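Working notes, beginning with the structure itself.
The values are calculated or read from the model by the stated rules, or taken from the named source; none is laboratory data. Not measured: the values here are computed from a predicted model. Every residue, glycine among them, receives a Cβ derived from its backbone with ideal geometry; neighbour counts consider all protein chains shown. Surface areas here come from the heavy atoms of the whole protein model, side chains and all, with no ligands, DNA or RNA. Shrake-Rupley method; radii C 1.70, N 1.55, O 1.52, S 1.80 Å.
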Amino acid sequence: MKFRWVDISAIVLGAIWGALWMIVIGVLLMLVSGLIVSPPVAIATLVGAVAGWFALPLAQRISAKNTLYASLTVLLVIALLVLTGLSPFGTALGENTVYQVFALLVWAGLVGWSCGLCLDGYTSGSAKRYRMEILLIRVMKGLAFVLFTVVVALPFYVMVMTSLKSQQSLLANPLDFSIDLTQGVESLFRSYVELFTQYNFGSFLLNSAIVSVATVFITLFFAVPGAYAVARLRFPGQAFLSRSILLIYMVPAIVLVIPLYAVFSQLGLRNTLYGLLIVYPATTIPVALYMLQGYFRGLPSELEEAGLMDGLSRMGVIAKITMPLSLPALASVALYVFMIAWNEFLFAFMFLDDLDIFTLSRGVVSLNSSEVPRQHLMAGAVIATVPVLALFLWFERFLVSGLTAGSVKG
Amino acid sequence: MARFRAIRHIAMTATNHPLPPTHTGALAKREQRLAYSLLLPTFMVVFGIVLIPLLANFWISFKPVQLGDLRPATMLANEQLRPRPKAAGDEVILRYRVRNSSQKDPIKAVTMRDLLPPGLDVTLNDERCSLEGRALFCDFGTMDAGQRFNLEFPTMVHQAYLDSGERPRDVKATFTGSARNVLTSGEFTLDNFRKVFSSDEFWTVLKVSLYYTIFGTLGALVLGLFAAQILNTAFKGRNLLRGLFLFPYVAPVIAVAFAWVLLLDAGPGGTFNAMLMQMGATDGPINFLGQRAVPVTLFGLTFDFPMALTTVIAFEAWRYFPLSFLFILARMQSISTDMYEAAEMDGATPLQQFWYLSLPQLLGILSVLFLLRFIWTFNKFDDIFLLTGGAAGTRTLTVDVYEQAFAVSNLGAGAAVAVVVFFVLLIFALIFFKFSPQDDG
C-alpha cells in the first residue's frame, strides 16, 4: 500500500489532536476532580495518529457519518485503555471512576471530531499546496481555539474556584479545585460572607457604585454639549479640536499623579471621594467627547434644523432631538466610562486612606497581605469583577459597536 | 481645452457677481460664541486636571520637595486652667502651650486669637498679648522651627464662670501666620535630575521600559490578529466566545493581576507550577514573577532569560489582546468578499490570500493600533505595580516615578522621572506622526 501525502498529514494532525486533547482534558480533570493525573501524552499521540488515519476515509463519506464517528470514538477509548493498562490518565481507573470515564469519552469524542472537522470535504486531486494549506490552517485554527479559550479562561476559573476553597486545602493540593457541594451554601460562600461582614466590602461596593455612576453623569454632562459643538457648530479651531482631543488621553496618569497628589493634599481633597470625582471625569471627558462627536456627525442635521425652525433653542435641540436620537451612543459611552471609573486603580490607591471611603479597587489591594487568606483576596476580586462583567455582557453589542465606530482606549 | 474654458467661465462669473463675504457675520459670530460656551466647561476641566498638573509636574521636578513637606507648618495651642477652679474667688493660672508643629520651617507673623469663657478675670503679664472684653489677641512675631513656649496668666475665677459651664477649650485658639511652602517658594534645584540621570539604575529602567513597551505591544497585536482570524468564520457559539475573549480587558486590573499572581505563585499552593511539575515539564517550581534571570543554553550559547520581565509582558499581551482583536475583527468583517472569491478563482492558496489580500487591508488599523497601544503600554503603571511591584528587573519608568516619589518619599525626584516619561513619550509621538500612514483605520 502506498502512502499519499494526505495520509501522512491525516496521521500527523491526528497525533497533534490526540496529544493536545490529552493535555487539556488531563488538566481539566485534575482541576475539576482533584485527582492526581499524569497524562500519558506519548500514548495519546500514537492513538491520535491512528485515529487520524481512520478518520480520513470517514470524512469523505456522505452517509452514515455519525454512526461511523461513534464507532471510531469507541475504538479510541478501547485503544487508550488497553495501551495504558486501564489507567487512561496515569492513575488507576478505580479512583474517581465517573470523572475518569467521562473525561475519557470526552477525549475520544473530541479527537475523532477534530480530525473529522479538519479533514472534512477533502477530495484528492489537484492543487496539492492548496489542500495542504487548508489542512494546516484548520489545524492551526483548532489549536488557537483551544489555547485561547484555555489561556483566557484559566485565570478567571482559578479566581472563582479559589474564592470558594479554604487556604489549607489549597496549600495541600493546589491543583484540586473540586467543590465539595455537601458542605452547604453558607460554608461554601464563607469568604464572601466574611468580606461583607468583617471587611467592609458592602461599603466598598457602594462607594465604587457611587463614584462610577457619578463619573458617568458628570462626564456626559460635560461631553454632550462639547461634542455637539465640535460636531455641528462652525468655529475657528473646530477641525483641530476634533482631531486633537484624543491627545489628552495620551498623557500618562503617572505624570499627573504627583502634582495632583501635592495640590489635593494641601486643599484637603486627597482623602475624599470628591477628589476622585474631580479626577475621573477629567480623564474620561476627552474620550467621551471624541466618541460622541463621531456619532453626532452621522445624525441627519435636517432634523435639528427643523427643530431650530420651529423655535427650539440650541440647548432645546440638543436635549429634545440630538440626545434621544443618539441613545445607543450615549449608552455605549456611559458603559465605557463606567468601566473606566470602576476599574481605576492608580488614583484610588494614591488618594484614599480611610477605610470608609475605599472603592473596590482600593479595598481589594488592602486584602493583599500575608495575614489575609487567599480565598478572601480572590473573593474580593470576584466581587470587583462580577458587576462590571455582568454589565458588559448585558450591553456588549452597544459597547462593541460604539467602541469600534467612535474611538479607542487603553 | 475644456479645462481652460471652465477656468474662463469661473473668471467671468467672478467678475459678474460679488465674491462671498470674507468677514464673519453676526450669525456666524453667535454660532462661534455658542460653540465656545458649550466647550468651556470641558476646557476648564481638562486645563485644571490635565494641563496645569502637567506644567506643575515640571515645576515640582525642579524643587527640593519631600513627601513630608506637603504637610505645611502650622501653629498648635493647648489651653487650660490650672488648677481646676472649685469655687468663686479661686486664684488659678490660665495657661496656653503654644508650639510650631514643624521641626523644619519657621512661621512668620504669627498671631493668635481666642475667646475666653465669661467670668474670668485675667491679668495679662505678657506685652505681646492684649485683651478686649473676652477676646484675647497675641502677636508672637516669628516662631522658629519646633519652638514652643507657655503663656501663663494669673486668673481670678468668678461665680459666672462656674455657672456658665463654658470652658477655655470650648473655643479653640485660631492662628494666622505665613509659613514657607516649599511648593510655592522660589527655591529651585537641579538635584532631582542630577540624581535621576547619575544613577546606574536609570538606564536599566529605560531599557526595561522599552522592552516592555515593544514586546507588550507586539504581543497584544499578534494575539489579537490570531484571535480575529479564528473568530472571523461563522460558527455556533461565536458570540459567546467573542464575549469570553473580551474578559481580560473588561475585568478590573486588580482582579486579574492578583489572579495571575496566585496562579503563578512559586510557593506551595501555586497552581500553575504544580501543573507543570505534575506534567513533568519542570523539576522544581519556577518563580515566574520573582526571578530576574534564568540562564538558558541554546545551541551551546548561554544567555540570561529575563523571567519576570517576560511574565509581565505576557500579562500585558494577555490583558490587551482583546482590544486589538476587536478592532481587527471589525475591519476584517468590512472587507468585501469579492476579492477573496476572485483570488480563489485564480487559485490563490489560503495563506497567499491572507498575505496578499487580508494583511494589506489590515495594515492601516494595525499601524493605528500599534501606535495607540505603544503609547498606552509605555504609560502603563498598574499592571507591573500589582504583579511584581517593580522588583526582579521589571521596573519601568512609570513604576520608577512611584518608587521615587512615594516609596523613597522624594516627590521632586519622582517628578523628574515623570518629566523624562513625558519627553520620551513626546519623542515617540513625533516619530509616529511623521512616519505613520495617513489612514483612518
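What is the packing order of peptides A:43-51, A:78-86, taking the mean over residues of other C-beta atoms within 10 Å and listing the highest first? Could you put the intermediate results ahead of the total?
Details: A:43-51: 23.8, A:78-86: 15.2.
Output ranking for A:43-51, A:78-86: A:43-51, A:78-86.
Loop by DSSP (not H, G, I, E, B), at most 15 other beta-carbon atoms within 10 Å: where is the longest site-free stretch of chain B for trypsin sites (Lys or Arg not before Pro)?
On the way: sites that count: B:K86, B:K104, B:R128, B:R134, B:K172, B:K236, B:R292.
That gives B:293-441 as the longest site-free run.
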**Asked** Residue by residue through segment A:258-273, which ³J(HN,Hα) values in whole Hz follow from phi under the Karplus form 6.51 cos²θ - 1.76 cosθ + 1.60 (θ = phi - 60°), with glycine and proline marked x?
**Response** 5, x, 5, 4, 5, 5, 5, 4, 6, 8, x, 9, 5, 8, 9, 6
**Complete:** Between the Cα axis of helix B:253-263 and the main Cα principal axis of chain B, the angle (0 to 90°, nearest 10) is 80 degrees
**Request:** Using only the Cα atoms, work out Rg/Rh for segment A:194-406, with Rh taken as the Kirkwood radius, to two decimals.
**Result:** 1.04
**Message:** Distance between the C-alpha centers of segment B:392-422 and segment A:166-232? Whole Å please.
**Reply:** 30 Å
**Request:** With all distinct Cα pairs included, what does the Kirkwood hydrodynamic radius of the protein assembly as shown come out to in Å, to one decimal, could you say?
**Result:** 32.4 Å
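Counting only heavy atoms of the protein chains, get the accessible area per residue of segment B:73-179 (1.4 Å probe) and round it to a whole Å² value.
56 Å²
Relative contact order of chain A, please, whole-number percent, based on alpha carbon pairs below 8 angstrom and at least 6 residues apart. Before the final figure, lay out each step's value.
Details: 454 pairs, mean separation 71.5, N = 410.
Averaging sequence separation for qualifying contacts and normalising by length gives 17 percent for chain A.
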**Request:** Enter the angle in degrees (range 0 to 90, nearest 10) between the Cα long axis of helix A:97-119 and the first principal axis of the Cα atoms of chain A, meaning the one along which they spread out most.
**Result:** 90 degrees
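Using a 1.4 Å probe, what is the accessible area per residue for segment A:194-406, in Å²?
Working: 8400 Å² over 213 residues.
Each residue of segment A:194-406 exposes 39 Å² on average to a 1.4 Å probe.
How would you order A:375-382, B:77-84 from highest to lowest mean count of nearby Cβ atoms within 10 Å? Don't skip to the end; give the middle numbers.
Values: A:375-382: 26.0, B:77-84: 14.2.
Descending mean neighbour count gives A:375-382, B:77-84.
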**Prompt:** Between segment B:134-172 and segment A:82-103, what's the alpha-carbon centroid distance in Å?
**Reply:** 87 Å
**Prompt:** Who wins for biggest fluctuation among A:A15, A:A229, A:A341 in a Gaussian network model of chain A, springs between alpha carbons below 10 Å?
**Reply:** A:A229
**Prompt:** Using a Gaussian network for chain A with springs between C-alpha atoms less than 10 Å apart, which of these wobbles most: A:A239, A:A103, A:A329?
**Reply:** A:A239
**Message:** Starting from the Kirkwood Rh over alpha-carbon pairs, what translational D in µm² s⁻¹ does segment B:284-441 have by Stokes-Einstein at 25 °C and 0.890 mPa s?
**Reply:** 129 µm²/s
**Complete:** For segment A:252-274 the residues that are at least 30 Å² less accessible with all protein chains than alone, 1.4 Å probe, are A:P252, A:I254, A:V255, A:L256, A:I258, A:P259, A:L260, A:Y261, A:A262, A:Q266
**Request:** May I ask for log10 I(q)/I(0) of chain B at q = 0.09 Å⁻¹, from a Debye sum over the Cα atoms as equal point scatterers with solvent left out?
**Result:** -0.89
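If one takes the accessible area of chain A alone plus chain B alone and subtracts that of the pair, with a 1.4 Å probe, what total in Å², rounded to the nearest 100, results?
Values: alone 22270 and 27100 Å², together 40550 Å².
The A and B chains share an interface burying roughly 8800 Å².
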**Prompt:** So what are segment A:304-372's ellipsoid semi-axes, whole angstrom, largest first, if each one is the square root of 5 times an eigenvalue of the alpha-carbon gyration tensor?
**Reply:** 45, 12, 7
**Message:** Taking the 0 to 90 degree range and rounding to the nearest ten, how far is the long axis of helix B:52-61 tilted relative to the main principal axis of chain B, both from C-alpha atoms?
**Reply:** 70 degrees
**Request:** List the residues whose amide H sits under 5 Å from the amide H of B:F305, counting only those 5 or more places along or on another chain, with H placed 1.01 Å from N in the peptide plane.
**Result:** B:V294, B:V296
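Enter the mean number of other protein chain beta carbons within 10 Å of the beta carbon of each residue in A:170-179, as an integer.
Details: counts 5, 4, 2, 4, 13, 6, 2, 1, 0, 0.
Whole-number average of other-chain Cβ neighbours for A:170-179 is 4.
State the percent of C-alpha pairs, over all pairs in segment A:10-122, separated by a distance greater than 16 angstrom.
Details: 3337 of 6328 pairs.
Of all Cα-Cα distances in segment A:10-122, 53 percent exceed 16 Å.
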**Item:** Estimated [θ] at 222 nm from DSSP helical runs (n ≥ 4, -39500 (n - 2.57)) normalised by residues in chain B, nearest 500
**Value:** -16000 deg cm²/dmol
**Item:** Cα coordinate range in chain A, projected on the principal axes (Å, largest first)
**Value:** 85, 61, 36
**Message:** For a quick check, take a GNM of chain B with Cα springs below 10 Å and name the residue from B:W318, B:W355, B:W376 with the largest mean-square fluctuation.
**Reply:** B:W355
**Request:** Pop out the carbon and sulfur fraction of the accessible area of segment A:194-406 as a percent, whole number, probe 1.4 Å.
**Result:** 66 percent
**B:E187 paired with B:L131, simple spin-label distance in nm, labels 7 Å along Cα-to-beta-carbon** = 4.0 nm
**Fill in**
All alpha-carbon distances of segment B:82-187, grouped into 10 Å bins from 0, give the whole-percent distribution 14, 41, 27, 13, 4, 1
**Fill in**
Taking protein heavy atoms only, a 1.4 Å probe, and rounding to whole percent, the accessible area of chain B owed to carbon and sulfur comes out at 62 percent
